[in-house]
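The values are calculated or read from the model by the stated rules, or taken from the named source; none is laboratory data. Values in this document were obtained by computation on a predicted structure and should not be read as measured data. For neighbour counting, all protein chains shown are included, and Cβ atoms are generated from backbone atoms with ideal geometry for every residue, glycine included. We work out accessible area using only protein heavy atoms, side chains counted, and drop any ligands, DNA or RNA first. Shrake-Rupley method; radii C 1.70, N 1.55, O 1.52, S 1.80 Å.
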There are 2 protein chains.
Amino acid sequence: MTSKLTILVSNDDGIQAAGIRTLVTWLSKYHNVIVVAPDRERSAMGHALTLHKPLRVDEVPFETSSEFPVQAAYSVTGTPSDCIKLALNAILDQRPDVVISGINHGPNLGNDVLYSGTVSAALEGAIHGLPSVAISLFNGSTKGADFNPSAQFLCEYLPTILAAKLPTRTVLNLNTPTASYEDIKGVRLCKLGTRTYSDDYDRRLDPRGNVYYWLAGEVVLGNEEIKDTDSWAVQHNYVSATPIHFDLTHEAVLNNPTVHKALTFSR
Amino acid sequence: MTSKLTILVSNDDGIQAAGIRTLVTWLSKYHNVIVVAPDRERSAMGHALTLHKPLRVDEVPFETSSEFPVQAAYSVTGTPSDCIKLALNAILDQRPDVVISGINHGPNLGNDVLYSGTVSAALEGAIHGLPSVAISLFNGSTKGADFNPSAQFLCEYLPTILAAKLPTRTVLNLNTPTASYEDIKGVRLCKLGTRTYSDDYDRRLDPRGNVYYWLAGEVVLGNEEIKDTDSWAVQHNYVSATPIHFDLTHEAVLNNPTVHKALTFSR
């Protein structure tokens with residue numbers, strides 16, 4: 001185990017969620033943990049920031065084991081990105097060593113990361129130049145899902161992540177399998193797979209006859225059969241580890257001379 | 001001018017905003033335009049989706065020139081991503097030829113794109129396999145900003161974009177300069193520059209003595225001096241055109257053998 005770290009933890013399921021509570025209980029055994037998390041669920045928030053409303057911050061009790069309390073816990077009336085930005089610029093009086101976001105209730109695979117509040121909190125950490133990790137449990141949205149194997153795994157794997165010294169502005173996006181701690185087979189470095197949704201909308205009429213829609217898409221499983229994707233790894237009892245960044249420039253297209261010629265002009 | 005297209009238009013400033021109204025007025029002269037846009041401002045929403053509330057859709061009047069009306073306009077109680085998803089899956093009965101998002105009031109340069117609702121609407125179009133364009137006016141957040149040069153430019157440039165046949169799942173992110181139509185010098189293909197914010201939070205007390213925070217960051221101008229960035233182009237009276245995609249995998253890190261060795265293990 002590495003020396004004691006100062007760790008900033010957030011999530012998108014809200015500060016009361018089982019995933020973050022299990023994670024923090026484990027991390028607190030070894031490290032100084034400060035929790036700054038949304039007051040309620042903020043899933044599928046993407047990288048949203050709150051511009052038009054003030055943010056409230058409350059220091060709240062956060063139960064772990066009595067032997068290893070958290071350093072402090074704050075509940076914020078904002079998005080996951082707000083939480084990290086606010087923590088680093090207004091709440092903490094020391095810069096943390098690492099930002100960890102999760103454990104998310106359900107996977108963040110493939111295109112999910114674009115919509116994921118969990119990943120956005122980690123990206124915000126990376127924007128601020130800190131080593132940042134997002135962690136999601138594949139079956140974490142199932143009732144009574146056990147986050148302990150994922151939390152224990154992360155405690156042991158964290159020194160490895162930090163020793164790897166990823167380039168700044170890189171997030172390591174982890175998805176953990178539905179397995180006991182002993183049955184986790186290891187870690188695979190993966191690209192993001194494709195994972196799409198059927199995007200159905202459920203059209204209904206309210207009691208006054210007005211139309212409204214519910215987003216009701218189901219996952220259309222993507223390339224789980226392709227071995228180098230995150231989807232494959234997590235469904236074969238490996239932890240998927242995908243380095244992600246926030247520069248959306250499509251380099252291949254940018255550097256394609258035909259595209260360059262077609263789109264550029266001066267007058 | 002190319003043949004008549006069916007164009008789906010959205011934005012993040014809301015359906016009443018000057019930017020979308022000017023854009024649609026110009027596009028309608030040449031094409032069939034369907035507007036599906038948020039009922040009010042949804043800036044800095046990132047790629048957020050509305051999961052926990054139903055979405056309302058209202059067909060609304062949308063004034064252009066009387067000679068060239070829009071095909072239809074819908075106001076949605078959701079985010080820009082919701083608008084495009086809902087349009088393509090529940091509202092439109094034909095698949096559009098292209099998705100255009102904007103004209104945004106203010107630039108979407110560098111890291112802005114991560115937070116931008118305007119860009120997220122275009123990304124949602126790209127996720128659905130459609131040619132997609134985001135367009136933002138550099139000084140569009142200034143009162144009385146004139147969106148006509150940008151709109152006219154896009155009408156003329158659109159056939160060029162479509163003829164370039166960018167790979168599917170690519171968005172072309174355009175920023176237009178603060179210039180008259182005649183003074184726009186041309187188009188430069190650019191990478192996303194760095195553009196960061198000071199991230200100050202304004203800490204205040206409410207009338208009951210409770211603390212609240214306003215996000216009050218200011219732009220810290222990035223690498224405008226670097227000629228191949230979007231920031232440079234738009235500040236030198238060029239339109240910046242950046243191909244972006246939504247695969248956040250950091251390929252360079254993923255394919256680095258040292259990183260691979262450090263992070264991977266089996267047991």
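At-a-glance table
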quantity	calculated
From the options A:Asp58, A:Asp39, A:Asp12, residue that is among the acidic types (Asp, Glu), modelled with pLDDT of 95 or more and open to solvent by 30 Å² or more (accessible area, probe 1.4 Å)	A:Asp39
Filtered residue count, the stretch A:215-259, keeping only those that are among the hydrophobic types (A, V, I, L, M, F, W, C) and modelled with pLDDT of 90 or more	11
Every residue from the stretch A:164-188 that is under 17 Å from A:Leu130 (Cα atoms) and in contact (Cβ under 8 Å) with a residue 60 or more places away in the chain	A:Leu166, A:Arg169, A:Thr170, A:Val171, A:Leu172, A:Asn173, A:Leu174
Qualifying residue in the stretch B:163-172 (condition: within 11 Å of another protein chain (Cβ to nearest Cβ), in contact with a strand residue (DSSP E or B) (Cβ under 9 Å, 6 or more places away or on another chain), open to solvent by 50 Å² or more (accessible area, probe 1.4 Å) and over 30 Å from B:Ile7 (Cβ atoms))	no
Single residue of the stretch A:117-152 satisfying the filter (over 16 Å from the mean Cα position of the chain (by Cα) and within 18 Å of A:Asn175 (Cβ to Cβ)) that is surrounded by the fewest Cβ atoms within 10 Å (Cβ to Cβ)	A:Thr142
Flag if B:Ile103 is closer than 27 Å to A:Arg204 by Cα, modelled with pLDDT of 95 or more and among the aliphatic types (A, V, I, L, M)	no
Within the stretch A:22-66, tally of residues that are out of contact with any strand residue (DSSP E or B) (no Cβ under 8 Å at 6 or more places or on another chain), over 29 Å from A:Asp247 (Cβ atoms) and touching a residue at least 60 places away in the same chain (Cβ under 8 Å)	4
Checking B:Thr176 against (1) hydroxyl-bearing (Ser, Thr, Tyr); (2) under 19 Å from the mean Cα position of the chain (by Cα); (3) modelled with pLDDT under 95; (4) surrounded by 14 or more Cβ atoms within 10 Å (Cβ to Cβ), the condition it does not meet	(3)
Subset of the stretch A:215-225 [open to solvent by 70 Å² or more (accessible area, probe 1.4 Å) and either facing another protein chain (nearest Cβ under 7 Å) or more than 23 Å from the chain's Cα centre (by Cα) (or both)]	A:Glu225
From B:Tyr238, B:Tyr181, B:Tyr197, B:Tyr212, residue being at the interface with chain A (Cβ under 7 Å from one of its Cβ atoms), among the aromatic types (Phe, Trp, Tyr) and either farther than 26 Å from B:Leu123 by Cα or open to solvent by 20 Å² or more (accessible area, probe 1.4 Å) (or both)	B:Tyr212
In the stretch A:86-103, the residues that are touching a strand residue (DSSP E or B) at 6+ places or on another chain (Cβ under 7 Å) and within 14 Å of chain B (Cβ to nearest Cβ)	A:Leu86, A:Ala87, A:Asn89, A:Ala90, A:Ile91, A:Leu92
Residues that are among the aromatic types (Phe, Trp, Tyr) and assigned to a strand (DSSP E or B), drawn from the stretch A:70-118	A:Tyr74
Residue identified as out of contact with any Phe, Trp or Tyr (no Cβ under 7 Å at 6 or more places or on another chain) and of a type in the set (A, V, I, L, M, F, W, C) among B:Leu263, B:Leu215	B:Leu263
Selection from the stretch B:68-113 of residues that are farther than 24 Å from B:Leu55 by Cα and of a type outside the set (Phe, Trp, Tyr)	B:Pro69, B:Asp97, B:His105, B:Gly106, B:Pro107, B:Asn108, B:Leu109, B:Gly110, B:Asn111, B:Asp112, B:Val113
Residue in the stretch A:72-82 that is open to solvent by 30 Å² or more (accessible area, probe 1.4 Å) and more than 23 Å from A:Arg169 (Cβ to Cβ) present	yes
Pairs where the first residue, in the stretch B:246-267, is at positive phi and the second is hydroxyl-bearing (Ser, Thr, Tyr), C-beta under 6 Å, 6+ apart	none
Criterion: among the aliphatic types (A, V, I, L, M), over 12 Å from A:Val9 (Cβ atoms) and open to solvent by 30 Å² or more (accessible area, probe 1.4 Å) - qualifying residue of A:Leu88, A:Leu109	A:Leu88
Complete set of residues in the stretch B:241-263 that are more than 16 Å from A:Leu192 (Cα to Cα), at the interface with chain A (Cβ under 7 Å from one of its Cβ atoms) and open to solvent by 30 Å² or more (accessible area, probe 1.4 Å)	B:Ala262
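To keep it simple, each residue is scored yes or no on (1) in a strand (DSSP E or B); (2) touching a Lys or Arg at 6+ places or on another chain (Cβ under 9 Å); (3) not hydroxyl-bearing (Ser, Thr, Tyr).
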{"position": "B:Lys165", "(1), (2), (3)": "no, no, yes"}
{"position": "B:Leu174", "(1), (2), (3)": "yes, no, yes"}
{"position": "B:Arg188", "(1), (2), (3)": "yes, yes, yes"}
{"position": "B:Gly193", "(1), (2), (3)": "no, no, yes"}
{"position": "B:Tyr213", "(1), (2), (3)": "yes, yes, no"}
